[in-house]
Structure formats: C-alpha cells, structure tokens
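Participant: Take a look at the following structure, please.
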Amino acid sequence: MARITLEHIRHAYGPNPQSPYDYALREVNHEWNDGGAYALLGPSGCGKTTLLNIISGLVKPSEGRILFNGQDVTDFSTEERNIAQVFQFPVVYDTMTVYDNLAFPLRNRGIAYEQVDRRVNEILGMLDLTSRAQKKARGLTADLKQKISLGRGLVRSDVNAILFDEPLTVIDPQMKWVLRSQLKSLHRQSAVTMVYVTHDQTEALTFADKVVVMYQGEIVQIDSPAELFENPKHTFVGYFIGSPGMNVFPVTVDGSKARVGGMEIELGYAPAIGQAKKVELGIRPEFMQLSRTGMPLSIRKVEDIGRLKIVRADFAGQPVSIVVKEEAEIPSEPYVQFRDQGVHIYADSWRVGREA
Amino acid sequence: MDKTWNNKAWFMVLPAFLVVAFSAVIPLMTVVNYSVQDTFGNNEFFWAGTDWFTEILSSERFWGALWRNLLFSIIILLIEIPLGVFIALNMPRRGIGVPLCLVTMAMPLLIPWNVVGTIWQLITRSDIGLFGYALGKIGIQFNAAGDPLHAWITVVVMDVWHWTSLVVLLAYAGLVSIPDAYYQAARIDGASRWSVFRYIQLPKMKRVLLIAVLLRFMDSFMIYTEPFVVTGGGPGTSTTFLSIDLVKMAVGQFDLGPAAAMSIIYFLIILLLSWVFYTVMTSSDAENEGSR
C-alpha cells in the first residue's frame with residue numbers, strides 16, 4: 001500500500017523529442033493518496049496506458065521521478081515495485097489450470113502452501129470460478145479468461161497498488177456491473193490503492209472516489225465526480241463528462257460582463273482572462289432553464305430520452321443543448337435563463353476565476 | 001426452392017483427379033506392380049507374389065539401413081530442435097538485427113543439396129579442408145572416408161548446419177506472434193526466465209514445433225543427396241541410409257522387384273511414423289478440448 005507521487009513525469013516513445021507533440025505524456029506532476037480508488041479517464045490515445053505502465057514500471061519515463069511512500073522507485077523493476085496490473089485483453093497461462101494461474105504470482109514469490117491455497121480459494125469464490133478451478137485455462141471463453149487475469153491481479157494482498165487497464169472491455173455488460181461492484185467492495189475491504197483506466201465515463205464515475213481526466217498527454221483535472229460535473233477546469237472535461245456535454249461558445253469579456261452575438265450575460269465577477277487568444281463561456285445543459293423571460297432563443301428540435309428531454313436550440317447564433325424534465329412545457333416563445341453557479345469562463349480552454 | 005440435382009459437378013474435380021493420378025497414383029501403382037513381379041529385361045515379367053517382401057524383411061541389409069536411418073533421425077532431431085529453439089529465443093525482436101538474422105538463417109536453406117554435400121566433403125578433408133586440416137594440426141586425424149565415426153560426425157554436423165535454420169525460422173515465427181502483454185503480465189507476476197519459457201513461449205511455439213519435428217523427421221528419414229556426395233554411404237555400409245540403399249539396389253544392381261518392394265515398405269514406415277508423431281503430439285490438445 002502506497003502513496004504514489006509522480007514528479008514532473010514526461011514520456012516520449014521516440015528518441016529526441018522536440019515539440020510538446022512528440023510526447024505521449026506531457027508533464028504529469030501529482031500525488032495520489034494511499035488507499036484511494038482512482039479512475040484514469042480520457043479518449044483513446046491520450047496517454048492513459050502510458051501513465052499506467054510508468055507507474056507499474058513496464059515503461060521507464062523519459063523525464064521525471066516516481067515515488068512510492070517518498071521512496072524513489074524510478075529505476076525499480078516491476079517486481080521490486082510490488083505492483084499488480086490487469087491488462088485490457090486476457091492474458092492466461094494456457095497450459096496451467098485456473099487454480100494454478102491464480103497461484104502463479106504467489107508461488108513465484110515463495111509464499112507458503114497454506115497461504116497460497118487460502119488466498120486462491122478466496123479469489124476463486126469471489127470471481128465465481130470455484131467450479132472450474134481444476135480446468136485447464138486454454139479452452140475457456142474470453143470473459144472467463146479475463147476473470148482469471150483479473151484474479152491474478154487481485155490475488156496478492158500485500159501489493160503497493162493494483163492497476164487496471166480497461167479490464168472489462170471483453171466482458172459482457174451484465175457481468176461488468178457485477179465485477180465492478182466486486183472490485184469496489186474489495187477496495188473498501190483491503191484499502192489498496194487502485195488505479196483504473198477507462199474511456200467510459202459511467203465506469204469511471206461509478207468506480208472511483210477521484211477521477212483523473214486526461215487529454216492529449218496531460219492530466220486536466222483530478223476531482224470527485226461531482227466536482228467534474230459542476231466545475232470543469234478545462235473545456236475538454238465539460239465535453240467529455242456528462243451527456244450531452246457542456247455548451248461552450250466564444251464570448252468577449254468586458255469587465256464582469258460576457259457578450260455573445262448581441263446578448264449580454266452578467267457574471268458577477270471579472271474573470272482573469274489575461275492575454276488569452278480564445279475566450280469561451282461554458283454552461284452545462286442542466287444549468288440552462290427555458291422560461292418566458294430572459295434571453296431569447298430559437299428551438300430547432302426536441303429529443304425525448306425517457307425521463308428527460310433534450311432541447312437543441314440556437315442561442316445568439318450558437319448551437320446549444322438544454323436538458324428539461326419530461327413533463328416540462330416548452331414555451332412557444334422561448335427564452336432562456338442561465339443559473340449563476342453553472343456559468344464558467346474559459347481562457348484558452350482553461351477555467352479562470354475572479355481577477356485577483 | 002427447388003434444387004437441381006445432377007452430377008455435373010464431378011467434372012470440376014476431374015482436373016485435380018488427373019493431376020494426382022499422374023503424379024502420385026499411377027507411379028505408385030507401377031511400383032506395386034514391380035514389387036510382385038520378377039524381370040530379367042526385355043520387358044518380360046514373371047509373377048513373384050510376396051517373395052520380394054519376404055526377402056527384404058528378412059535381409060540384414062534392410063534392417064541395418066533402417067536402424068541407421070532411425071538413429072540418424074533421432075540424433076538430428078535431438079540436436080536441431082533444442083538448438084533451433086535456443087537460437088530463435090536469442091534472436092532480436094526488432095531493429096536492424098531482424099532482417100540481418102533472418103537472411104543469415106535462410107542462407108543454408110537456399111543452397112542446393114548436392115552443393116551442401118560438396119562443401120562438407122571439401123571442408124572435412126584433412127589435406128585441403130579447413131575443418132579437417134585444423135583438426136589434423138591439433139593431433140586428430142579426421143577421415144570421413146575411412147573412419148565410420150568420423151563419417152557419422154560429418155553427416156550429422158552437415159545436416160545440423162543445413163537444417164537447423166528451418167527450425168529457427170519456424171520457432172521465431174511462433175515467438176513473434178506472442179503479444180507483448182504476455183511478457184508484461186509475466187513481469188508483473190514475478191515469473192522467472194525459465195517460467196516465461198515454460199508457460200508462455202513453449203506453449204505458443206508448440207504448433208510450429210510440431211510442424212518442425214514432422215518436417216525434419218520426414219526429410220531426415222529420406223535423406224539421400226548429402227551423404228551420397230560426402231561418404232557415398234561408406235565407409236562400408238556405415239552411412240548407408242534407406243534411400244541410398246534403395247538407389248543402390250534399383251539403379252546399381254537393377255533389382256527392380258526387391259527395390260519396389262523396399263520402396264513400399266519404406267513408404268509405409270514413413271506414413272506410420274508420421275501418424276504416430278502427429279497423434280502423440282496433438283493428443284494433449286485433444287484432452288483439453290474434451291474437458292471443456
């Protein structure tokens with residue numbers, strides 16, 4: 001169990017990186033708490049797996065240091081770091097039985113027979129594999145094999161951290177729910193630091209206490225799911241989390257007022273936009289309210305998605321989405337109001353607060 | 001929907017059938033024909049029944065050649081398979097070394113077999129051959145033409161030199177098809193180098209190694225050209241393998257009947273042994289399928 005510190009980590013796969021674009025991972029500088037459940041969330045190719053492999057020691061970072069409980073482990077092998085990792089696609093030892101597969105990481109570390117047996121049976125039970133314990137792993141289906149992979153990751157109880165690299169990709173949806181909640185309860189029991197890579201926001205938000213959102217090789221925000229929703233620090237977080245994503249449109253800021261296409265929005269504070277090239281206003285569809293007063297807009301269409309309706313509209317020449325309750329009435333001459341706490345100003349994609 | 005029933009489709013098979021008939025079935029039948037008859041030339045044949053088979057199966061000459069050939073196949077399999085796997089394991093997986101190694105490995109396979117024989121015949125000569133001369137300098141008189149042991153060493157080393165590459169290439173193909181995730185998982189699991197080989201690399205290479213064993217067994221069991229060039233089957237009969245013996249009998253002595261009988265026995269032995277190999281080596285797979 002360990003507190004993981006990432007000190008100015010950068011990584012490029014090619015030699016001699018010149019521009020920031022040569023880096024698969026640009027400057028990561030964070031500390032992750034002991035016993036936390038973190039989800040690494042981001043689109044494909046944003047550097048999630050690279051970061052994970054750097055933590056486990058499969059990849060050595062081009063620059064920077066990584067510390068476990070304050071001890072520098074940058075040059076340590078995977079084994080010395082005492083990390084468990086589960087990969088996206090099942091890796092099983094074909095010629096071994098299911099039982100031997102799970103026992104393998106323990107036996108390699110010379111753990112006593114009784115202890116191995118107890119631990120393996122525990123995991124077999126948890127993953128509902130007990131009846132297949134003595135079967136060879138070769139003939140099993142993909143999701144059973146992935147359960148074995150998962151089991152090998154969980155079987156060691158003394159690890160510093162368990163890393164999951166999109167472990168449920170090949171598992172069918174119902175099983176996903178079961179396994180995810182088992183992982184979560186296992187985390188509560190054992191208090192091992194867990195890092196879970198995914199590109200699925202539901203998976204990230206249900207698994208983790210803290211979600212780490214990555215975009216183009218950078219960590220853009222580490223926060224609780226609620227914070228990510230209410231206060232996205234980067235426009236990407238706004239787009240990526242929530243469905244539909246945040247409405248973002250370019251504005252000009254004048255003191256504490258934001259202007260867009262003849263409309264004026266009172267911010268209540270003067271954002272520190274500095275010399276930013278691009279200034280945008282972001283507001284989640286949930287924080288926009290249709291009403292009979294406020295600013296005018298024209299509705300293009302209304303989508304019914306069950307308990308909610310999504311209104312697609314044009315506001316000051318910008319396309320916006322608004323979420324309304326199913327039973328809510330759509331006014332024939334619609335106006336819109338912005339709820340104050342949902343309005344954010346972004347300068348060059350990063351959120352800015354009040355002028356200091 | 002009505003299906004049209006006719007047998008015209010059989011004509012589609014006809015070309016393949018004719019090719020196989022002319023290339024395999026008819027020659028084989030000719031051999032069968034010879035094996036049950038006797039001839040003194042002039043295209044006159046006399047019925048001989050199973051006499052030739054009895055003669056061959058009770059001759060020491062045939063059994064001698066068969067045992068020598070089996071011994072040879074076993075020796076070269078025991079050397080070439082582990083050596084080939086070992087070399088494949090140590091070949092680079094990426095970078096400029098890959099094409100370099102592959103081309104070097106493919107080299108012996110591209111040399112005509114009689115040239116291979118000539119090369120080794122020359123290299124082991126104690127007067128002008130590099131190998132033979134060097135051994136002479138350290139006090140060993142190497143003489144492939146006179147000493148049966150030396151003849152055997154030459155033939156075995158030659159075969160290893162010539163054919164280990166095939167095993168290397170097959171094993172390498174098996175190795176590069178293993179995804180990186182397996183090696184990463186093994187590192188996470190704390191597996192030793194031996195465990196990685198035993199539980200990841202060997203199982204993944206099993207299929208190609210089966211092919212390698214089959215190919216090398218059948219080829220070595222039919223070996224002719226190289227020992228014929230190097231030793232001519234000698235000294236005495238010490239390196240006279242089945243095919244050399246067969247050619248001596250058929251072409252040298254013009255004993256068509258016994259030679260035909262021997263061909264058929266030879267063919268059946270190869271068929272039987274290949275089947276045994278295949279069954280034994282695939283049986284572990286079958287067990288797993290059954291226990292699913």
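The values are calculated or read from the model by the stated rules, or taken from the named source; none is laboratory data. Remember, predicted model here, so these are calculated numbers, not experimental data. With ideal geometry, Cβ positions are generated from the backbone for all residues, glycine too; neighbour counts draw on all protein chains shown.
Participant: Considering only region B:124-144, state which residues are in contact (Cβ under 8 Å) with a residue 24 or more places away in the chain and out of contact with any Gly (no Cβ under 7 Å at 6 or more places or on another chain).
Facilitator: Matches in region B:124-144: B:ALA144 only.
Participant: Does A:SER224 count as among the polar types (S, T, N, Q), surrounded by fewer than 22 Cβ atoms within 10 Å (Cβ to Cβ) and modelled with pLDDT of 85 or more?
Facilitator: Considered against the rule, which asks whether it is among the polar types (S, T, N, Q), surrounded by fewer than 22 Cβ atoms within 10 Å (Cβ to Cβ) and modelled with pLDDT of 85 or more, A:SER224 comes out as yes.
Participant: Consider region B:166-200. How many of its residues are of a type in the set (Ser, Thr, Tyr), touching a residue at least 40 places away in the same chain (Cβ under 8 Å) and surrounded by fewer than 21 Cβ atoms within 10 Å (Cβ to Cβ)?
Facilitator: Count: 0.
Participant: Considering only strands (runs of 3 or more DSSP E) fully contained in region A:1-96, which possess at least 2 residues that are more than 30 Å from A:ALA133 (Cα to Cα)?
Facilitator: Here the list reads A:4-11, A:25-32, A:37-41, A:63-68.
Participant: Next question. Scan region B:84-112 residue by residue and report those that are part of a helix (DSSP H, G or I), of a type in the set (A, V, I, L, M) and more than 18 Å from B:LEU215 (Cβ to Cβ).
Facilitator: Within region B:84-112, B:LEU89, B:VAL98, B:LEU100, B:LEU102, B:VAL103, B:MET107 qualify.
Participant: Let me ask something additional. Take A:ARG138 and decide whether it is closer than 29 Å to A:GLN71 by Cβ, within 12 Å of another protein chain (Cβ to nearest Cβ) and over 32 Å from the mean Cα position of the chain (by Cα).
Facilitator: no
Participant: Give just the number: which of (1) of a type in the set (Asp, Glu); (2) touching a helix residue (DSSP H, G or I) at 6+ places or on another chain (Cβ under 9 Å); (3) farther than 16 Å from A:GLU31 by Cβ does A:ASP223 not satisfy?
Facilitator: With respect to (1) of a type in the set (Asp, Glu); (2) touching a helix residue (DSSP H, G or I) at 6+ places or on another chain (Cβ under 9 Å); (3) farther than 16 Å from A:GLU31 by Cβ, A:ASP223 is out only on (3).
Participant: Just the residues that are more than 10 Å from chain B (Cβ to nearest Cβ), surrounded by 15 or more Cβ atoms within 10 Å (Cβ to Cβ), touching a residue at least 60 places away in the same chain (Cβ under 8 Å) and not β-branched (Val, Ile, Thr), please, taken from region A:66-123.
Facilitator: A:LEU67, A:PHE68
Participant: Next up: Pick out the one residue from A:ALA270, A:ALA226 that is more than 17 Å from A:ASP348 (Cβ to Cβ) and not assigned by TED's automatic domain parsing to the domain that holds A:ASP143.
Facilitator: Testing whether each residue is more than 17 Å from A:ASP348 (Cβ to Cβ) and not assigned by TED's automatic domain parsing to the domain that holds A:ASP143 leaves just A:ALA270.
Participant: Is one or more of the residues making up region A:4-15 over 19 Å from A:PHE207 (Cα atoms), touching a Gly at 6+ places or on another chain (Cβ under 9 Å) and at pLDDT below 80?
Facilitator: Scanning region A:4-15, I find no residue that is over 19 Å from A:PHE207 (Cα atoms), touching a Gly at 6+ places or on another chain (Cβ under 9 Å) and at pLDDT below 80, so the answer is no.
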